[in-house]
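See structure below.
A short reminder: the numbers here are calculations on the coordinates, not readings from a lab. Quick caveat: nothing in here was measured; it's all calculated off a predicted structure. Glycine also receives a Cβ, built like all others from the backbone with ideal geometry; neighbour counts cover every protein chain displayed.
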Amino acid sequence: MNELIRFSLLLVFLAGFILAGCTASVPAGKRSGVPPDSLAEASRELFVQGALSAVEGDYAKAITQYRKVLVAEPENAAVHFSLSKAFVAVTEPDSAKYHAEKAVLYNPSNRFYRQLLAGIYFDMKNFREAALQFEQLTDSEPSDTRNFFYLAHAYLADERYEEALNSFARILQLDPSNESAQVQSLWLELKLKRYGEAILSLEGMMEQSGGNDKMQLTLGELYFQSGKTDKALEIFRKMVNEKPLFIPAWVALFETHIEQGKPELFLKELRRFYAIDDIDFPLKTELAKLFMLRVEKDDSYSEPVSIMVEELVAFYPEEASVYVLRGMALRVQKQFRKAGEDFQKALEIDPQNIFAWEEFASAYMSQNQYHQVVYTVSQAKKSTGRSSLRLEVFEGYAQFRLQAYRRSAEVLENALAYEKHESPAWLLVQAYITRAMAYDRLREQLKSISAYRDVLRIDPENALALNNLAYLYAERGESLDEAMEYAAKAVDAEPDNPVFLDTLGWLYYKTGNYQKAREIIEKALAGKPDEPEIYEHLAEIYSTLGDEVKAKEYMEKARELRSEE
């Protein structure tokens, strides 16, 4: 939300306080002969004119008129309040804050003035000061739940979660059925890992509302997190018995058995789940895929996933996708031969299954068998009569690794048509990067530059594309400022990468900062990379600096590395 909208909303919120703010008056102390919120007769007409101008939306005119009043009565809190609201309307937060602070200074007991100031602080992201103002309001009006809500959200914005939770607790003391405060309190209790309190809060909410599936599931998870596994299982089992089609309850039940290390119970419930005919086969496979993703973060799920897939094959031996799933699991375990057998089995059942072909090619890719990748992609196209972005990227990369750079570039150029469809961004990035490197090897630098720019269009923080594009510019001696920016971002992403450091150092050399170039490239060589080009660059830098002995030393090292290639 932009500043204008935020301040306009604030103005609407506070519009109801105008008259009350101008009439409520408890002087802060005797500063002059005129009470802070009263107006001398000479100023009253100007003040009314300013208020009318504000109502008509002419805030510039209102501001001018209010300022004239302040010349005569500089400590009038009501005028400062009105001026502050006018500055809110014209999106001048600093001026709005100044006059709101003055209004509170001259009449600190006026809640409308303090609410305005608190709102301005909040919009300016000065959450600590906003909280201080709301604290004053809750102290003066301890039965008003609205002020406690504002205070709680100021604490939340300032990441003061304990204090926010206490504020919501005060609201619930005043209004025990306040649903918003209940939800916010529960969220904070979970965030602070106060599971016992969260259980009590959730049970109270369920008692009031009767509860629903999500609440029941959350309660079970809370029991599990707090170590009350039997109570958690009781809830999950009751849910799957009463609503066997509610998949999240099955997931929670499976996870609980896995976390407990009870494979026999997991298998028993899994077979019961697979036997439910009303649950579609695709949903069962999606559940297996969900657990496969867990393996990447938690090895303890590896064996349960194998069980899930094996049982799925046993229940549905004629479905091609179950063999694809098992092949994927085997590939993750680096059992490539068995994975290939499963992909072949899937293709015997369904030769048109493009996903099976992709996984088959992926298995060969994982083993760096690039000729087999190319062959598998060609067979996939013959069998299905079509291709996919993933297959094209596989072939393009395989051709690149086989040093068939022209063919690689051609394949990946054809792959660009798939960008019009819904394709994963990471796959497009891989296509563009490989294409860029292929053109680089073909000495077609302009096409390579264009391809790297395509990468950055999709993934602006891609360190490899930033570095390689910067290096191309360095070699061409063009766009060096832009190149320096790209190289610096790449080094920020991977500060110990010798290739990235070399690019940045080489750019300093190209722009005439030889000492900085030497310093950075020497840092690149600290890890003793086997990149002859880095040694060549340092040799050229030392030669430029007049140290021919070191230049010769590094050039010899570069020749030595090149002879080993």
Exercise for review: Relative to the longest principal axis of the C-alpha atoms of the chain, give the angle of the C-alpha long axis of helix 111-123, reported between 0 and 90° and rounded to the nearest 10°.
Suggested key: 20 degrees
Exercise for review: Would you order E75, E318 from fewest to most other beta-carbon atoms within 10 Å of each residue's own beta-carbon?
Suggested key: E318, E75
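Pick out, in residue order, every one of the chymotrypsin sites (Phe, Trp or Tyr not before Pro) in region 210-269 that is DSSP loop and has at most 16 other C-beta atoms within 10 Å; say none if there are none.
Here the chymotrypsin sites (Phe, Trp or Tyr not before Pro) that fit, given the DSSP loop and packing criteria, are F246.
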Study note, to complete from the structure: Residues other than A100 with Cβ under 9 Å of its Cβ, Lys/Arg counted +1 and Asp/Glu -1, net out at +3
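What shape does region 432-512 have by the C-alpha gyration tensor, where a ≥ b ≥ c are the square roots of the eigenvalues, rounded means a/c under 1.5, and otherwise prolate means a/b greater than b/c and oblate the rest?
It is oblate, given that a/c is not under 1.5 and a/b is not larger than b/c.
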Revision key, fill the gap. With -39,500 (n - 2.57) per DSSP H segment of 4 or more residues and division by the full residue count of the chain, the 222 nm estimate, nearest 500 deg cm²/dmol, is -24500 deg cm²/dmol
Check your understanding: Of all GluC sites (Glu not before Pro) in region 153-197, which ones are in loop regions per DSSP and have a Cβ with at most 10 other Cβ atoms within 10 Å?
Key -> E159
Exercise for review: Can you tell me the 0 to 90 degree angle between the C-alpha axis of helix 389-401 and the longest principal axis of the chain, rounded to 10?
Suggested key: 60 degrees
Exercise for review: Pop out the ³J(HN,Hα) list for region 212-218 in order, Karplus 6.51 cos²θ - 1.76 cosθ + 1.60 with θ = phi - 60°, rounded to Hz; leave Gly and Pro as x.
Suggested key: 8, 4, 5, 5, 4, 5, 5
Exercise for review: Could you work out the per residue convex hull volume over the alpha carbons of region 155-304, in cubic angstrom?
Suggested key: 134 Å³
Point to revise | Most positive-pole-ward Cα, F224, S201, N178, against dipole of region 133-228 from beta carbon charges | key: F224
Exercise for review: Please determine, in degrees from 0 to 90 and to the nearest 10, the orientation of helix 145-157 with respect to the longest principal axis defined by the Cα atoms of the chain, where the helix direction is its Cα long axis.
Suggested key: 40 degrees
**Study point:** Equivalent ellipsoid semi-axes, region 492-565, via Cα gyration tensor eigenvalues times 5, rooted, Å
**Key:** 18, 17, 8
Point to revise | Zero-based 10 Å bins, Cα pair distances in the chain, whole percents | key: 3, 12, 13, 13, 16, 18, 14, 8, 3, 0
Review point. Which number do you get for Rg(Cα) / (2.2 N^0.38 Å) in region 246-348?
Key: 1.03
Review point. Over the Cα atoms of region 89-150, Rg to Rh with Kirkwood Rh, two decimal places?
Key: 0.96
Check your understanding: GluC sites (Glu not before Pro), restricted to region 207-316: which are DSSP loop and have at most 11 other Cβ atoms within 10 Å?
Key -> E296
Review point. Just the Cα atoms of region 279-417: what Rg and Dmax do they give in Å?
Key: 15.8, 49
Point to revise | Only Lys, Arg (+1) and Asp, Glu (-1) charged, at Cβ; the chain dipole about Cα centre in debye | key: 420 debye
Check your understanding: Can you give the relative contact order of the chain as a percent, counting alpha carbon pairs under 8 Å and 6+ residues apart?
Key -> 4 percent
**Study point:** Net charge, A169 excluded, C-beta distance under 11 Å - Lys, Arg +1, Asp, Glu -1
**Key:** -3
**Study point:** Diffusion coefficient, µm² s⁻¹, Stokes-Einstein with Kirkwood Rh over alpha-carbon pairs of region 351-414 at 10 °C and 1.306 mPa s
**Key:** 140 µm²/s
